[in-house]
Amino acid sequence: MSSPLDACADLSKAAFYESIWVATIIPAAIPIVPLAYQGQGDPAKLWDAADGWKATIDELEKAKQKIDELARRVPEDRWHGDDRKAFEDRMRDYKDQIDADIMVAWTVAVALWILAVLIGVFIYIMFVTITLLTIFATAIVVAAGTIVGAPAALELEAEANQFAAMGHRIVSVGSQVITRVSQATAIIWGAMLTADIGRQLFNGNTGVGETFFVSVKNGMDDQLKGAAAFLQQKAFASLMEFGGAGTSFFGNPLYSRVGSRTALEGIGSLLGADDSYGKDGGAVHVSKYLGNMGGQYGTEDGDPSEGQKYVDKTTPHR
């Protein structure tokens, strides 16, 4: 079933390519180019990931039901005493741990749903804003190409620059909102992960530390590729706006851009355009060049981990 988020990946890429054309004609639109480049994304995948967490929650709820069924299988008149009490206490501990896991899963799922919607709204706003600027830029070129329309083209360019400055403010504030929400979400997740590790240690799971470090090691290749892609994207974006017009902490433009695009900004735009040509768009080169640095996910030193073997064994294949 399709949703409004499905179109966001293509719209974000289209907005970036439009911004390159707009910045050629309207100087005030130049600072929008790096924002459009870094604003590429696919919130539909975030939504799907949230749905995956919801499916995990459903499975955990089923596990709780199974525990209740197991606890009630033998009636108290047939089994009582200290053994019965110890059994019920252990079942209660299992249910408490599952409840804690469900709470964490709900937090992650809700956060992903919220981020997906925020990013989707931002992409739609960015696309509409840049598309209107594209119409402005095209009209300026058409008018400037005629003797009669040349004076009107100058007036149209002045109005377009004013609209571009406003559009830059809208897009930059939206970008900063998403950045701050993402940072806050990461902090919350980190705190919840730390609390969950402490809870498991308190409940006697002494192997939780080793499990955590193994999972970090197994995911190190993806972490390094993600960090490298982020740095590459930042470097290209810096070139695209080499002439200045940065933003404040809250995304407000520090000053209006009046100068035309520089050679370095043109090079940055070309690099970003080539980089965004891939299927997913946005900083795809680094991931391709680095390739598979540390084996597949769920492996240890190139060999399948016990968890991966279990998944392979229990997952039906077509």
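Structural remarks
- Portion, in percent, of the accessible area of the stretch 1-109 that falls on carbon or sulfur, probe 1.4 Å: 55
- Burial ranking of peptide ranges 39-48, 169-178, 136-145, 203-212 (average Cβ count within 10 Å, highest at the top): 39-48, 169-178, 136-145, 203-212
- Protein-only accessible surface order, largest first, of L5, L118 at 1.4 Å: L118, L5
- Per residue, the stretch 1-118 exposes 55 Å² of solvent-accessible protein surface, assessed with a 1.4 angstrom probe and all protein chains in place.
- Each peptide among 96-105, 28-37, 8-17 gets the average number of other Cβ atoms lying within 10 Å of its residues, and from highest to lowest they stand as 28-37, 8-17, 96-105.
- Note, ³J(HN,Hα) from phi for the stretch 185-202, Karplus 6.51, -1.76, 1.60, rounded to Hz, x at Gly and Pro: 5, 4, 5, 5, 4, x, 5, 5, 5, 4, 5, 5, 4, x, 5, 5, 4, 5
- The stretch 158-233, accessible surface, carbon-and-sulfur percent (1.4 angstrom probe): 70
- Cut-off 14 Å between beta-carbons: net charge of the residues surrounding L115, Lys and Arg +1, Asp and Glu -1: -1
- Along the axis of the charge dipole computed for the stretch 92-201 (Cβ charges of +1 for Lys and Arg, -1 for Asp and Glu, origin at the Cα centre), the listed residues A184, A164, A150 are led at the positive end by A184.
- The heavy atoms of K85 offer some 120 square angstrom of accessible surface to a 1.4 angstrom probe.
- Calculated FRET efficiency for the pair K66/T107, C-beta based, R₀ 25 Å, to 0.05: 0.55
- Averaging Cα coordinates gives a centre for the stretch 124-158 and one for the stretch 43-96; these two points are 63 Å apart.
- For the stretch 115-125, 3J(HN,Hα) per residue [Karplus equation, 6.51 cos²θ - 1.76 cosθ + 1.60, θ = phi - 60°, Hz, x = Gly/Pro]: 4, 4, 5, 4, 5, x, 4, 4, 5, 5, 5
The values are calculated or read from the model by the stated rules, or taken from the named source; none is laboratory data. Please read all numbers here as calculations on a predicted model, not as lab measurements. Here the Cβ is made from the backbone with ideal geometry for all residues, glycine too, and neighbour counts use every protein chain on show. These area figures cover heavy atoms from the full protein model, side chains too; ligands, DNA and RNA do not enter into them. Shrake-Rupley method; radii C 1.70, N 1.55, O 1.52, S 1.80 Å.
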